[in-house]
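Peer 1: I'd like to ask you about the structure that follows.
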Amino acid sequence: MKYEAVIGLEVHAQLLTGSKLFCGCSTKFGSEPNTQVCPVCLGMPGVLPVLNRKAVEFAVKMALAVGCRINPRSVFARKNYFYPDLPKGYQISQYSEPLAEHGHLDIDVDNTTKKIGITRVHMEEDAGKLLHGEGPEDANYSFVDLNRTGVPLIEIVSEPDMRTSDEAQAYLKALRDILVYLEICSGNMEEGSFRCDANVSIRPIGAEKLGTKAELKNMNSFKFVKEAIDYEIQRQIDVVDGGGKVVQETRLFDSARGVTASMRSKEEAHDYRYFPEPDLLPLIVEDRLVDKLRNEMPELPRAKRERFAGEYGIPEYDAGVLTASRALADYYEATVKATGEPKVSSNWVMGEVLRLLKEGSGDVKDCPVSPQSLAGLIKAVKDGVVSGKTAKEVFEEMYRTSQPAEEIIKAKGLVQISNEDELARIIDDIIKANPDNLERYRAGKTQLLGFFVGEAMKATKGKANPQVINKLLKEKLG
């Protein structure tokens, strides 16, 4: 029997607000454990939550970016369950009346575009973090860090529209790109600011009824999401083909072994007993706020990628790389504006700029070479002042010292020799010094052109214009 997979993703994204969702505690990552807490986020008796307006605005922006309908009225609820990193014994979330619903996201897989439905975008607070380890004499221990408790989250729930792990991975990457473009989430999966649970089931091809699903957790990279889904699909196929039944359960992904393992079955699943949060009024989002936020929306990754390919005439691959981040796209566009050379600028940004950034922070915002300075170097190559090879050496010096190309070229005596009379004299001397190779070249060994080019470059200490050298040699050798 042939099967198809049915996949839906639940994504949690931490919002880049300075304070938590219902109190004024800092959301800074990496601080000393339990130093960013207060009576409100610790759930002390008698405290009252106050909603963070900035978090609401960020959530609305994301909902607009994925085409959701913003509900004018939404309600916060208490999601009741006990866990050591949840001090109140409940999580403030949204349930039956969420912030936004009925959106979609287009993804590109195998040269085709597919629309993935988005069921809802709702707000909630994060829980804390448990740290497990082993102590002396095989004693196990767990510590709890409540700094993350109360950090604002949005949960983005997809429809079960994905059929392969490649589609799930593409959806997840597209979602992350939008969050980062909007500057409302860092998108860092390793730090837990962008997290994903996957609901996976199988059914016979052509069937409409959904199969029994397993929920996959503990996937902290795009690679692990793909591996976990692939493993789970095959596991369920093996179960069914072996005469068994897939049970509804939560499974954890073991990245070291590349397998999923059962965490809890349906019988152990929580009954969250949702009820409206009595300490918070319904959230009313006015049309004027939605219109204001819609007007402030930046150009999103897909639209920017398509515009780059169309407006600048660069390959789709280049456009994809250059729009990987909003800052990188801005850097490229500023370079093109200064040079008027879209493809040459693309080559430099994708090549030397990203290569050196990768050795450092990786963030183009930290690049010591401005787009205007890079444009100056590109112009020097175009004008024949320096060769392309020398220009790369100049760029490294620019990156290290922040000096402009012109100063470095002048100080190091790197100006390219393009004067034909001067180069012709050098070539004449080389030909006279190598009569045997000249004879062999004229007898048909045309590959010896490379030898003469090398001798000319050696004689000029690499400063000769290669195009002029090739032109003159072909004339004289022929």
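Peer 1: Would it be correct to say that R235 is assigned by TED's automatic domain parsing to the domain that holds L153, touching a Gly at 6+ places or on another chain (Cβ under 6 Å) and surrounded by fewer than 18 Cβ atoms within 10 Å (Cβ to Cβ)?
Peer 2: Answer is no for this residue.
Peer 1: May I pose another question? With at pLDDT below 95 and in contact with a Ser or Thr (Cβ under 9 Å, 6 or more places away or on another chain) as the only criterion, which of S158, S186 stands out?
Peer 2: Only one candidate passes the filter, namely S186.
Peer 1: Would you mind finding the one in R176, R235 that is over 23 Å from A127 (Cα atoms), charged (D, E, K, R) and modelled with pLDDT of 95 or more?
Peer 2: R235
Peer 1: Just need a number here: residues in the range 438-466 that are surrounded by fewer than 13 Cβ atoms within 10 Å (Cβ to Cβ) and either of a type in the set (K, R) or in a loop (DSSP other than H, G, I, E, B) (or both).
Peer 2: Total satisfying the criteria: 6.
Peer 1: Do you know which residues across the range 431-457 are of a type outside the set (S, T, N, Q) and either within 23 Å of K389 (Cα to Cα) or touching a residue at least 60 places away in the same chain (Cβ under 8 Å) (or both)?
Peer 2: L448, L449, G450, F451, F452, V453, G454, E455, A456, M457
Peer 1: Restricting the first residue to the range 403-414 and requiring it to be over 19 Å from P371 (Cβ atoms), which pairs with a second residue that is hydroxyl-bearing (S, T, Y) meet a Cβ separation below 8 Å and a spacing of at least six or different chains?
Peer 2: L414/T390
Peer 1: Mind checking which residues of the range 6-34 are closer than 18 Å to C196 by Cα and outside any loop (DSSP other than H, G, I, E, B)?
Peer 2: V6, I7, G8, L9, E10, V11, H12, A13, Q14
Peer 1: Let me ask something additional. Restricting attention to the range 206-232, report how many residues are hydroxyl-bearing (S, T, Y) and either closer than 16 Å to V6 by Cα or surrounded by 15 or more Cβ atoms within 10 Å (Cβ to Cβ) (or both). Write out each step before concluding.
Peer 2: So the first thing to find is which residues in the range 206-232 are hydroxyl-bearing (S, T, Y), and the list is 212, 221, 231.
Next cut, either closer than 16 Å to V6 by Cα or surrounded by 15 or more Cβ atoms within 10 Å (Cβ to Cβ) (or both) only: 212, 231.
Number of matching residues: 2.
Peer 1: Being surrounded by 17 or more Cβ atoms within 10 Å (Cβ to Cβ) and in a helix (DSSP H, G or I) is the requirement here; does E311 meet it?
Peer 2: no
Peer 1: Out of G320, G362, G351, which single residue is surrounded by fewer than 16 Cβ atoms within 10 Å (Cβ to Cβ) and on the phi > 0 side of the Ramachandran plot?
Peer 2: Testing whether each residue is surrounded by fewer than 16 Cβ atoms within 10 Å (Cβ to Cβ) and on the phi > 0 side of the Ramachandran plot leaves just G362.
Peer 1: Follow-up. State whether one or more residues within the range 179-199 are assigned to a strand (DSSP E or B), over 23 Å from the mean Cα position of the chain (by Cα) and among the acidic types (D, E).
Peer 2: No, the range 179-199 contains no residue that is assigned to a strand (DSSP E or B), over 23 Å from the mean Cα position of the chain (by Cα) and among the acidic types (D, E).
Peer 1: Select from the range 72-104 the residues that are in contact with a Ser or Thr (Cβ under 9 Å, 6 or more places away or on another chain), at pLDDT below 95 and not charged (D, E, K, R) and write down the one among them that is nearest to K173 (Cα to Cα).
Peer 2: Among those residues, the one meeting the criterion is L86.
Peer 1: Quickly run through the range 42-69 and pick out the residues that are part of a helix (DSSP H, G or I) and of a type in the set (D, E, K, R).
Peer 2: R53, K54, E57, K61, listed by residue number.
Peer 1: Could you check how many residues of the range 387-437 are surrounded by 12 or more Cβ atoms within 10 Å (Cβ to Cβ), more than 25 Å from V349 (Cβ to Cβ) and among the small types (G, A, S)?
Peer 2: Residues that pass the stated criteria total 2.
Yes or no, residue by residue, for (1) free of Cβ contacts under 8 Å to residues at least 60 places away in the same chain; (2) surrounded by fewer than 16 Cβ atoms within 10 Å (Cβ to Cβ); (3) under 29 Å from the mean Cα position of the chain (by Cα):
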site	(1), (2), (3)
I7	no, no, yes
S19	yes, no, yes
M44	yes, yes, no
P87	no, no, no
K115	yes, yes, yes
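Peer 1: While we're on this one: Please go through (1) closer than 26 Å to L86 by Cα; (2) in contact with a Lys or Arg (Cβ under 9 Å, 6 or more places away or on another chain) for Y141 and return the number of the only condition it doesn't satisfy.
Peer 2: (2)
Peer 1: Follow-up question, since we're still on this one. Take I469 and tell me if it is surrounded by 14 or more Cβ atoms within 10 Å (Cβ to Cβ), under 30 Å from V394 (Cα atoms), modelled with pLDDT of 90 or more and not assigned by TED's automatic domain parsing to the domain that holds E397. I'd like the intermediate steps shown before the answer.
Peer 2: Working: surrounded by 14 or more Cβ atoms within 10 Å (Cβ to Cβ): yes; under 30 Å from V394 (Cα atoms): yes; modelled with pLDDT of 90 or more: no; not assigned by TED's automatic domain parsing to the domain that holds E397: yes.
Here the answer is no, as I469 does not meet what is asked.
Peer 1: How many residues does the range 183-234 contain that are under 27 Å from K61 (Cα atoms) and among the hydrophobic types (A, V, I, L, M, F, W, C)?
Peer 2: Of the residues in that region, 9 qualify.
Peer 1: Can you name the residue in the range 185-205 that is closer than 20 Å to D363 by Cα and hydrophobic (A, V, I, L, M, F, W, C) and is also surrounded by the fewest Cβ atoms within 10 Å (Cβ to Cβ) among such residues? Show your work before the answer.
Peer 2: Looking only at the range 185-205, we keep the residues that are closer than 20 Å to D363 by Cα, and these are 185-194.
In the following step, the residues that additionally are hydrophobic (A, V, I, L, M, F, W, C) were identified as 185, 189, 194.
On the way: C185: 22, M189: 19, F194: 21.
Residue satisfying both the conditions and the ranking: M189.
Every residue, every condition in (1) basic (K, R); (2) surrounded by 15 or more Cβ atoms within 10 Å (Cβ to Cβ); (3) at pLDDT below 95, yes or no:
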residue: L15; (1), (2), (3): no, yes, no
residue: T27; (1), (2), (3): no, yes, no
residue: R53; (1), (2), (3): yes, no, no
residue: D106; (1), (2), (3): no, no, no
residue: I118; (1), (2), (3): no, yes, no
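Peer 1: Look at the range 159-172 and say how many of its residues are within 19 Å of the chain's Cα centre (by Cα) and among the polar types (S, T, N, Q).
Peer 2: So the answer is 2.
Peer 1: Which numbered condition in (1) under 31 Å from the mean Cα position of the chain (by Cα); (2) in a loop (DSSP other than H, G, I, E, B) is the only one that G384 fails?
Peer 2: Failing condition for G384: (1).
For every residue, the table says whether it meets (1) outside any helix (DSSP H, G or I); (2) farther than 25 Å from D106 by Cα.
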residue	(1), (2)
G320	no, no
K337	no, yes
W348	no, yes
K358	no, yes
P368	yes, yes
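Peer 1: Could you give every pair whose Cβ atoms fall below 6 Å, whose first residue belongs to the range 258-282 and is in a loop (DSSP other than H, G, I, E, B) and at pLDDT 75 or above, and whose second residue is surrounded by 12 or more Cβ atoms within 10 Å (Cβ to Cβ) and hydrophobic (A, V, I, L, M, F, W, C), counting only separations of at least 6 or pairs across chains?
Peer 2: Short answer, once both residue conditions are applied: Y274/A77; E277/F76; E277/A77; E277/I92; L280/F76; P282/V75.
Peer 1: Something else: R69 passes all but one of (1) modelled with pLDDT of 95 or more; (2) surrounded by 17 or more Cβ atoms within 10 Å (Cβ to Cβ); (3) farther than 17 Å from L280 by Cβ; which number fails?
Peer 2: Among (1) modelled with pLDDT of 95 or more; (2) surrounded by 17 or more Cβ atoms within 10 Å (Cβ to Cβ); (3) farther than 17 Å from L280 by Cβ, the lone unmet condition for R69 is (2).
The values are calculated or read from the model by the stated rules, or taken from the named source; none is laboratory data. Keep in mind that this is a model prediction, so the values were computed, not measured. Glycine also receives a Cβ, built like all others from the backbone with ideal geometry; neighbour counts cover every protein chain displayed.
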